[in-house]
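Have a look at the structure below, then the notes.
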Amino acid sequence: MTGIKKTQAKDRLRDALGGKQRQTLSGDIKIENLRKVYRTDESETVALEDFSLEIKKGELITIVGPSGCGKTTILKLIAGLVEPTSGTVTIGGEVCEGPGPDRGMVFQDFALFPWRSVRKNVEFGLEIAGVPKEERRERAQRYIEIVGLEKFADARVHELSGGMKQRVGIARALVNRPDIILMDEPFGALDAQTRNIMQGSLLRILEKTDQTILFVTHSVDEAVYLSDRIVVLTKRPARIKEIVEIDLPRPRDRASVEFTSIRKRILEELEKENVME
Ligand SMILES: Nc1ncnc2c1ncn2[C@@H]1O[C@H](COP(=O)(O)OP(=O)(O)OP(=O)(O)O)[C@@H](O)[C@H]1O
Ligand SMILES: [Mg+2]
């Protein structure tokens, strides 16, 4: 089933349930005229400008754009970790005013607890949510297996490689089953083979859930492989340059003519943004 068809099928179901007016669902994100300026004593950096985007529950959106253009900033604004200078983020119909358990984030720099074991890192959010010990164990174990770390479940995180740490971060975000998962280059530290395996696992996990994913990547190949839509950004301050819908059946064939031509077109767009001035 293609990503687009999947979205249309969900829309039809909602229409049947709720009439023509689509109800706002818990995984919906509406971003309106977002602007973010970072101010320090010495400088002012406009990271994001005039950014508006609507994402429907269950969509997988990737964001690609030049380094330093403002991608992490977008995720942090949606996570409620930084405040917009102006504009709003509405999550499930409510204006976002801070972090919440409905959103999970996989950070670019892992943000794990190095002294805790893999298992204890993955269980962390469940502990905070007061999930009973046995259920915590079971759920954590399942996601540790999904990311292929069962042999390292009791190792401390500081003993792991970069790619393994990243997989712990992914398991930790997924295990809480948030409505929205914000992933900041989650596969960036993985070798090409593990990366492909993880992309496949992510899609399989999502087939069974209705989670909304916002995924930042530097890999256009990864974006075309995963996305329902790709948001291509300009250089800083990030603005939307183009939104590309990917209507290819899954699992996608990276060698197909359609796949390679979409990838080539997006790469060309990005190259124009990367020209140094
Ligand atoms: N806390 C902060 N204080 C001041 N400036 C910041 C802060 N966070 C980010 N910036 C600046 O905002 C701009 C956008 O940063 P951001 O991290 O969002 O970019 P990015 O697209 O995620 O980059 P990369 O591709 O390298 O991860 C950069 O110029 C960065 O220096
Ligand atoms: Mg970043």
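Odds and ends about this structure:
- Anisotropy class of the stretch 109-177 from Cα gyration tensor, a/c 1.5 cut: prolate
- In this label model, Arg204 and Ser67 are separated by 3.4 nm, measuring between points 7 Å along each Cα→Cβ vector.
- Ranked for footprinting exposure by Cβ neighbours inside 10 Å, fewest first, Ile205, Ile181 give Ile205, Ile181.
- Straightening the chain between Glu138 and Asn274 buys 44.4 nm, computed as 0.36 nm per residue apart minus the Cα-Cα spacing.
- Membrane-span-like helices of the chain, defined as complete DSSP H segments with a Cα extent of 24 Å or more along the helix axis and a mean Kyte hydropathy of at least -1.0, are identified as 257-274.
- Less than 5 angstrom separates the built amide H of Phe215 from those of Ile61, Thr62, Ile63, Met183, all sequence-distant by 5 or more or on a different chain.
- Packing order of peptides 76-85, 220-229, highest average first: 220-229, 76-85 (average count of other Cβ atoms within 10 Å over each peptide's residues).
- Tensor-based shape of the stretch 94-212 (alpha-carbon gyration tensor, a/c under 1.5 rounded, otherwise prolate or oblate): rounded
- Label-point separation in nm, Arg177 to Ala255, each point 7 Å along Cα→Cβ: 3.9 nm
- Dividing the helix sum by the residues of the chain, where each DSSP H run of 4 or more adds -39500 (n - 2.57), gives a mean residue ellipticity at 222 nm of -12000 deg cm²/dmol.
- For the chain, a crude dipole built from +1 on the beta carbon of Lys and Arg and -1 on the beta carbon of Asp and Glu, taken about the Cα centre, is about 760 debye to the nearest 20.
- Of Gly100, Gly70, Gly169, the one that fluctuates the most in a GNM where the chain has Cα springs shorter than 10 Å: Gly100
- Gyration tensor verdict on the chain (Cα atoms; rounded if a/c is under 1.5, prolate if a/b is larger than b/c, oblate otherwise): rounded
- Most fluctuating residue given options Gln141, Gln193, Gln211, as computed from a GNM of the chain linking Cα atoms under 10 Å: Gln193
- The mean sequence distance of close C-alpha pairs (under 8 Å, at least 6 residues apart), as a share of the length of the stretch 109-177, puts its relative contact order at 50 percent.
- The stretch 13-117 - percent relative contact order, Cα under 8 Å, separation 6 or more: 28 percent
Each value in this text was obtained by applying a stated rule to the coordinates, not by laboratory testing. What you see is a predicted model; the values in this text were computed from it and never measured. A quick note on method: Cβ atoms are made from the backbone with ideal geometry, for glycine too, and the neighbour counts reach across all protein chains shown.
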